[in-house]
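What follows is one structure encoded as structure tokens, with my remarks underneath.
The values are calculated or read from the model by the stated rules, or taken from the named source; none is laboratory data. Not measured: the values here are computed from a predicted model. Positions of Cβ are backbone-derived with ideal geometry, glycine not excepted, and every protein chain shown enters the neighbour counts.
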Amino acid sequence: MSNELPELLPLLRVSRRELAKALLSGFAAGIVVPSLPLLHPVHAQLLNGTRLDSVDEVLALETHKPLFFSESQFASVERLAETMVPGSRKAESAAFIDLLLNVDSTKSQRGFAASLAAFETSANQTFHTNIASLSNTQLSELLRTASAKSSGDYAHFENLKAWTVAAYYSSEIGMRELGWTPDRVFSTFPACTHAESHS
């Protein structure tokens, strides 16, 4: 299947509940989306159909204002997500994460906030500016450094990456990239095309 499928076919506004169900059925078949550990808190969020329906309702209004994040945090999450998994901005990944974290446990909220703060600190120490102001090259370098298992920010990198991967691949854009279509169920998904971005 062509990697251009998400761009060639119009999006149909399939519900996140249905998309998450299709995505998670891949887990049952042994098909694992890159970097989405089963024990990560976002996995439980993808199982909550009622919550996903609520997220859909808010995103459909196209007037989302951050609820959990501040405006500057939202901008940082949007930049990080787009750099980790290209297409995340179009898939509204930052808004999806914001809406889920707003109703998630205090532990999950604190964990995400700590990871984001660690990246902001690293951006300031390395480039003397915040994440939202980094060039694409600088942000890629920051993520590449954090993704090394020897990095002090590795756990934070993995945490943010898991949220981003879940947000993107539970969207219609992300699922179409994996080979899903509304009228066809694939027994296997093709390999992710963003390996270099979220390795």
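For the stretch 151-170, state whether one or more residues are over 19 Å from the mean Cα position of the chain (by Cα) and either under 21 Å from Gln45 (Cα atoms) or not in a helix (DSSP H, G or I) (or both).
yes
Return the pair list, or none, for Cβ contacts closer than 7 Å from residues in the stretch 103-125 that are without any contact (Cβ under 8 Å) to a residue 12 or more places away in the chain and under 23 Å from Ser135 (Cα atoms) to residues that are basic (Lys, Arg) and part of a helix (DSSP H, G or I), at least 6 apart or on different chains.
Close Cβ pairs satisfying both conditions: none exist.
Considering only the stretch 36-91, how many residues are modelled with pLDDT under 95 and in a helix (DSSP H, G or I)?
18
If you go through the stretch 96-112, how many residues are buried (at least 18 other Cβ atoms within 10 Å of the Cβ), in contact with a Pro (Cβ under 8 Å, 6 or more places away or on another chain) and either assigned to a helix (DSSP H, G or I) or among the aliphatic types (A, V, I, L, M) (or both)? Full working, then the answer.
Quick first cut of the stretch 96-112, residues buried (at least 18 other Cβ atoms within 10 Å of the Cβ) only: 96-101, 104, 108, 111-112.
Keeping just the survivors that are in contact with a Pro (Cβ under 8 Å, 6 or more places away or on another chain) gives 98, 104, 108, 111.
Still in the list and also either assigned to a helix (DSSP H, G or I) or among the aliphatic types (A, V, I, L, M) (or both): 98, 108, 111.
The number of residues fulfilling the criteria is 3.
Within the stretch 142-162, is even one residue of a type in the set (Lys, Arg) and crowded, with 22+ Cβ neighbours inside 10 Å?
The answer is yes; a qualifying residue exists.
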